[in-house]
Structure formats: C-alpha cells, structure tokens
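Reading through the structure tokens given below for one structure.
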C-alpha cells in the first residue's frame, strides 16, 4: 500500500491536513443522527469556528460541492454509515472530533476515522489466510487511526500475527518489534468510545501473541511427567497438542537424548526440532528460528559408546571368550574412559586395532587416564595459588597405571579425581546458571530478583572458593608425589574454612530446595531456563536441584576416602596423625546435616532396614546416609550368593546393601513348642555384602532378547583391587522397571563420584558380550517359579533331612515336621537316609526316603485310625 503525502492548507482560519485529497470548498461539520442533540459533540464542533449543521442521514449535504463537509457519526456499524461511506465523503466519529477539537485542527484522509485509539500505529499483517478476517481487521485499524504496510520497514511499530512462526515473525522478534494477536485489535476497538484511549499502553500488553499461538505441536519421546507438563505449557501458550497423524501439524518436538531417528510418519510441512527449541521458546517468550534447533539423525560415527555394539560374530573357543570377557570388563571399569567400546568380539589375531585402542603406553589394560588431557605440572615446591597467569595449571590428575601405585596412592588418586569433578560441577552452577540469572539484560526481564538469587546461591560461593583452592593443592601434590607426602596437612589447611562454609548452606538446604521448586512451578520462563541449562554438557543433563545437592554429599564422600587413606598409612608416618585430625574435622562439619524432620525420618528408615537384616554391619546406620530404592533380583553370577538365589538390593546414597531373602520357616519346632517372642524377632534378610558405590565402575544394561529379560550387570573394582568383579542380576519384581532402577542407580553412583556425565556410567550390551547364556536365564526363571511353588513342602523336608544334624537330632526334626502331634516312634535307623542322593528332588517328588520312614500323612486310613484311638 503506497504512502500518502500530506498537504497542510488553511481555510477560513482553520488548519486542515489533507492526505492525497485535493482542496475543496470551505470546511463544514455535519452532526448526523442523535449527535445533533449531544451537548458534548456540539461544543466540540463549535471549537473549530466553522459552520455546524445537523441531519438525520446527512444525504442532503453529500452533493453540496460548495463546502468541504465533515460528517460526524456516533456509530460506524449502522446503515447510515454504510451509505455515506459509499458516497466517499469524509467521516469522523464522535471520539475523533472531540480529540481534534483540543488543537482546533481538522485532520482528514480518504478513510473514515472513528477514534484515535491506534493513532501513530503502523502495522504489518502476517500469517492470516482468510480474506474476510483480514478485511475486517484492516478496517478496524483504519477506523482507529492506524495504518497498515505490506512489508516490515523501519517505521513499522507492530506486527499483527496469526501464529508464532514465519520470516516476518522472526524479524520482529529479532528487532524487538511488538508482536500482537488479533485480539489486540478487537480489544482496542472495544475502547473506541473512550476519548484519549490508546492501544499502546501497558494494560494492552496482555494481548501480545502467545508463545505457541495457533501452532499444532507433536511431542515425541518424553517421559510421562515431562510430557504432561509440556502439554500444559502448549495449551497455556495458545498452541494445540496433536499427534503424528495430524497432517496440519506445524512442529514435531523430539527428545533428542532418547530419540535417535526421525519418525517416518512426520507430517510433511512440520518442522522437526529438538526439545531445546521448546524450552528456549518458553524462556524467551517467543519461539526461536527452527533452523537453529533442527533435529539431526545420528549416524554410526556419532553414536555414544553404549549404542555402538554390533551383532555377535561367530563365537570362538571358551578360552578366547573368557579373554574377551576379561578385557571387556576391564575396559568398562575405566570410569574416565570416553573412547568407544568394542563393537564386536576380538578377532583371532593376537593383537588387533581394537585391542590396541585399550592399551596404555606400557600395554596395560588398567590405564586410568584414557581421557586425561596432557597438561604441564606446576613447578616443584610451589602451590597453585602462587602461580602467575603465565604458568599453565593442570586441571586433572597425572596419568597413572593403577598396578604401579601403592594402595595409599590409589585412594589418593581417587580423592583427587572426585575433587576435580566436584569443582567442575560448582563451576557449572556458577557459569551456566548463576551468572546468566544475575544478568539484568535478559530477554523478557529478570527471572529472579536479587533476594531470590541470594537465597538460592548466596551460601555457595564460599564452598566454591575453598574447594577450588583445595583442588589446586591436591593436584600439585599428585603431580609431585613423594612417598612422604602429607595429604592430611592439605585437608587440615582448609578445615577451618570448610567448617565456616558448609553449615550455612546445609542448614538452609531444605528451605532453599522448597523455594526452588515453588519458583520453578510458578514461573514457566525460569523452569524453561533450568531445562535448557540441564541439557548443556557442563551440567551433564542434571537438574539444578541435583547439582545443588552435591555439597551435601561431598563431605561424607571425602570422609570415606580420607578414612581409606588412613587405613593404608603407616602409624609411624607423620601423615597418620594429620589424617586423623583431618578426618575428625570433616566429621565435625557433617554433624550439621541432621537438623530437620526429613533426615530424622530417613534415620528411622535406616534403623528399620538395619533391624530386618541378619548380621547387618552396624555402620549401615549413619547420619549422612539415606535410603534411595529397593529391588528384588535373582543372581545369575556366582559373585554374591550363587546362581539362581533370590537377593534383595537396598540402594542408599553411598552404599549398596546386598542381602539374601531368608525362608519364613526359620525354625523347625512345632507350633506347640515355638516361642512367640522368638517368632516375632525372626529377620527377613541375611547380610551378604555392603558395597561402596564408589567401587561401581560401570553399570551394564543387558539388551532384551527372547529369553533374556530384565537383566543387568555391575562392574566392581575397589581402590585396593587390581582385578574387576562382575555381578549379574535379573529383576524379578513388577512394581519398579529396570530402566527406572538403573537410572536411579546411575545418578547415585555419579553423585558419589562427583561426576556430571551420568550417562557414561550406563552402557547397553548384548548378553554374549558378558558371556551371559540366555538359556541359563530362562532356566533360572523357570526354577525360580518352581521353587516358589514348592517352597513350603520342599524347605520343610530339606531342613528335616539336613546332613549337618546328628542322627538323634535328625530323628527329632523329622518327628516335628511329619507328625501332627510333634512325636514319632522310632521305627528305623538313619542308615537309609544317608543313602539318598538328591534330597531336594526327593522332597519335591513326594517319594518317601528309603530306610523305613513311615509318613503318617501319606496314609489317610492309618491317620484316621490313630485319631480315633486318640479320642
């Protein structure tokens, strides 16, 4: 639409501004209809010092060319207006006349102007498809004194958009041009009778285009909780949730961390984007360009290590399979390794390219520095805090071969690694979350005020500072290790600062967490910001709450490592006393953890679990320990109790308690002689092993096959061990899925190791990679069901025929089990019983043992006779 030039003329001392209209006769005002009797309108008309006439319809003044007549109406939606508009006369509304009377200047155009609600507003339309809607909006803008352009130029003040997409939308969003919805025009028209009303006031800002206005969005691959939350956000922000079958869908949002391939049935015109596009849209209150967040399918070279296992090849000999298993387990135990895992079994050659990838410089598979950067060590004898900017500071431990280290040095190496990981997490909180939130130039305004920022992050800087300095000194000692090096002195050096830094954070941690949850639920922009930060590599896909809990867990982790170092330090060493003092200092800070109801309840839960486990270690109950999860499993390896045994795993925040389920028939005494108090005190579980989570080097998710279901494995190696152990289990309960338990286990292990790459702890493998026979799994599952079916009779008879009993005790045991009266005549000797080969099979089959044992329950007739005689 071409611009109209303005011409200013003076007619009879009245200034008239004309836009592309030739000057005509003297100006005159005609009040049409009821306005002839409206005192306010008559008074305003007189201010222009021009003739004022009245008329019911104004038709008699249309053809009078002697005057330039301005027709003033009370309504632009009446038949009178339509007739005058067709005649091409100048039309004004009552509000426009009153506002013009203030300056005594008559402004007229070729278009009718009812009011000046949109005065000086220059709009561009985009996204509208229905012609009648566009025409209606165009007329309303003109009636309110606004103008419309075809393209966005420098003078454009607003963009009127149908949906949150398109080039004009992105341009306006980039250059901060207000993007309004069509409701804005209708709301402004509703104020047309108000003199002085404007559509550009702050009260009209609520009619800005919503984030997902009229977008049809498909969400794919998200967890149920995230899916529900995102669907609500779509609806609240003007969008529509739809499915892949909807050919009108505009966007398909994929969870790119779990979905690796684009769905084959995507709508043809839909933008396929990553989840980051969704959360960035919420945070910025406007969708960014889809080209910045397009979903790209991963090819084979881009897959993560846990996705790179190919199909099995021809199996080799048993010795080669054992060798491959040992090498695979050793490689999985390298918790710092980021190299690709083997995609196929080793070839027949003695050394292959794949094997060489795992070897260290000296040919060892135990090299613990596969991903350690090659950095210069600081000058000997100098603290890192004394180095200037010109000297390079190593940010990781030196390359080591665990087999060449002493037990004391191996634990110290673990302490240095976890300290480096912990400081990197604090760095991520500072740089990725805290600093951007403190930036006052955020799009859409600050998400948190200064008080909220101080409440959430205010107690973290002292912890960050002291651990950064401690990490530097520990790294200096690691790069300049000597047998008489004092680890305890470094801990003692910062113990006072630790005592001052931690209590304020820990004491208010629960309140801070509740406040963080409340703000996140109430402010979508802040929640979206946290989601975006969570997906950044520095945060390792962990939420802010998960990152902020690390300071609570760090001191218990340090105390365990310092305790291990102390165990491997000679009492004659000068460092022994320093380590004891350092350990006491760390434990004194940890006492501040037990200050609220939640931890009290957690301790009660610990006592409950402890009291239900036979021979449970007393140190299971600790002030810092919290129960995380519990699962029932069947062991497929021989590392704990034995293949086929039913075990229970209690997961805590720092240890994994492995127990064996006990039989509820704990005593073979008859009920008449049972001690009721003793029955009440029978414990459900028997302790097998309490495993430190720091010793779990890798968690393996065994892929589902036809015969292998719910199987997973743990690769274990403690700081004192040079050989890895393999634990294999199958999950047997229905109330918790394998993926849920493994996710919880991975995050807990990562927390205790102070690492932010949670996904690297979990790898997916086929059963043959760890030499798991699927037939054994099926057999174990079948035996498990059979044993459950025959538990009552089988366990009674098996206990009765136990070879650990003396003949006299065995007779009494059989008497108790088999006789309803608790007595049984001695009818034969025990020689026949000792000839039975498989007593478990015997008890299951129901066949009486050779040797003359008479089973009263097996002969109903004799039993009835006995009862009759008794009566």
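We did not get these values from a lab; they are worked out from the coordinates using the rules stated. It should be emphasised that the depicted structure is a prediction, and the values quoted were computed from it without experimental measurement. Note: ideal-geometry Cβ built from the backbone for every residue, glycine included; neighbour counts use all protein chains shown.
Things worth noting here:
- Efficiency of FRET between residue 692 and residue 153 - r from beta-carbon atoms, R0 51 angstrom, step 0.05: 0.15
- Using a Förster distance of 22 Å, the FRET efficiency for residue 38-residue 65 (Cβ separation, nearest 0.05): 0.20
- For the range 400-593, the relative contact order works out to 32 percent when only alpha carbon pairs closer than 8 Å and six or more residues apart are counted.
- Equivalent-ellipsoid semi-axes for the range 216-299 (Cα gyration tensor, √(5λ), whole Å, largest first): 18, 14, 13.
- Calculated P(r) tail over 28 Å for the range 490-649, as whole % of Cα pairs: 45 percent
- Per-bin percent of Cα-Cα distances, the range 120-266 [10 Å]: 10, 34, 29, 17, 8, 1
- Once the chain from residue 521 to residue 46 is taken as fully extended at 0.36 nm per residue, the excess over their C-alpha distance is 165.1 nm.
- For the range 400-593, radius of gyration divided by Kirkwood radius, i.e. Rg to Rh on alpha-carbons: 1.04
- The range 113-245: relative contact order as a whole-number percent, Cα under 8 Å and 6+ apart: 25 percent
- By the Kirkwood approach, averaging reciprocal distances over each pair of separate Cα atoms, the range 719-776 gets a hydrodynamic radius of 13.8 Å.
- Here the gap between residue 292 and residue 430, fully extended at 0.36 nm per residue and compared with their Cα-Cα distance, gives a gain of 47.1 nm.
- Sites residue 638 and residue 258, calculated FRET efficiency, Cβ-Cβ separation with R0 45 Å, nearest 0.05: 0.85
- Relative contact order of the range 172-253, pairs being alpha-carbon contacts under 8 Å that are 6 or more residues apart, as %: 29 percent
- Residue-span extension gain [residue 443 to residue 110] - 0.36 nm each, minus C-alpha spacing: 115.8 nm
- Using the Stokes-Einstein relation with a Kirkwood hydrodynamic radius computed over Cα pairs, the translational diffusion coefficient of the range 122-207 at 25 °C and a viscosity of 0.890 mPa s comes to 185 µm²/s.
- Segments 109-121, 563-575 sorted - mean Cβ within 10 Å per residue, highest first: 109-121, 563-575
- Within the range 19-95, the ratio Rg/Rh, alpha carbon atoms throughout and Rh by Kirkwood, equals 0.93.
- Percent antiparallel among DSSP beta bridges (both partners in the range 122-207, rounded to 5): 0 percent
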